[in-house]
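Below is one structure, written out as structure tokens, with a few remarks after it.
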Amino acid sequence: MDIEELSEKFGDKMAEMKAYLEGGDVRELMAGLAIEHFRDSFHREGFVDKAVNPWREVKRRDPSSP
């Protein structure tokens, strides 16, 4: 492959990437990941980053609370 072929392929790939980013595919993918992350936080009962940061216990489940 010479430099001209590489340049042409690079241009084609850039156009393909631009179409992908401007289309709805990326937004739908990101929305799905955000929803999955949100639901996972509830299943783990804490916010998830590099580790789970548990939420404080609520009063209604605290046996020492009146």
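The values are calculated or read from the model by the stated rules, or taken from the named source; none is laboratory data. Here the structure is a predicted model, which means the values were calculated and not measured. Note that each Cβ is placed from the backbone with ideal geometry, even for glycine, and that neighbours are counted across all protein chains shown. For the accessible areas, the whole protein counts, side chains as well, though only heavy atoms, and no ligand, DNA or RNA atoms are used. Shrake-Rupley method; radii C 1.70, N 1.55, O 1.52, S 1.80 Å.
Does any residue of region 36-49 turn out to be of a type in the set (D, E, K, R), in contact with a Phe, Trp or Tyr (Cβ under 8 Å, 6 or more places away or on another chain) and in a loop (DSSP other than H, G, I, E, B)? I'd like the intermediate steps shown before the answer.
From region 36-49, those of a type in the set (D, E, K, R) are 36, 39-40, 44-45, 49; that's our starting set.
Of the ones still in play, those that are also in contact with a Phe, Trp or Tyr (Cβ under 8 Å, 6 or more places away or on another chain) are 45.
With the extra rule that they be in a loop (DSSP other than H, G, I, E, B), the set shrinks to 45.
Yes, region 36-49 contains a residue that is of a type in the set (D, E, K, R), in contact with a Phe, Trp or Tyr (Cβ under 8 Å, 6 or more places away or on another chain) and in a loop (DSSP other than H, G, I, E, B).
Might you check whether a residue that is more than 17 Å from the chain's Cα centre (by Cα), at pLDDT 85 or above and loosely packed, with under 10 Cβ neighbours inside 10 Å occurs anywhere in region 5-18? Give the derivation first.
Start the filter on region 5-18 by keeping residues that are more than 17 Å from the chain's Cα centre (by Cα), which leaves 5-18.
Keeping just the survivors that are at pLDDT 85 or above gives 5-18.
From what's left, loosely packed, with under 10 Cβ neighbours inside 10 Å: 5.
Yes, region 5-18 has at least one match.
Within region 24-47, track down each residue that is open to solvent by less than 100 Å² (accessible area, probe 1.4 Å) and farther than 19 Å from residue 58 by Cβ.
Narrowing region 24-47 to residues open to solvent by less than 100 Å² (accessible area, probe 1.4 Å): 24-26, 29, 31-35, 37, 40-41, 45-46.
Within region 24-47, 24, 25, 26, 29, 31, 32, 33, 34, 35, 37, 40 qualify.
Yes/no per residue for (1) under 12 Å from the mean Cα position of the chain (by Cα); (2) of a type in the set (A, V, I, L, M, F, W, C); (3) on the phi > 0 side of the Ramachandran plot:
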| position | (1), (2), (3) |
| --- | --- |
| 33 | yes, yes, no |
| 43 | no, no, no |
| 49 | yes, no, no |
| 54 | no, no, no |
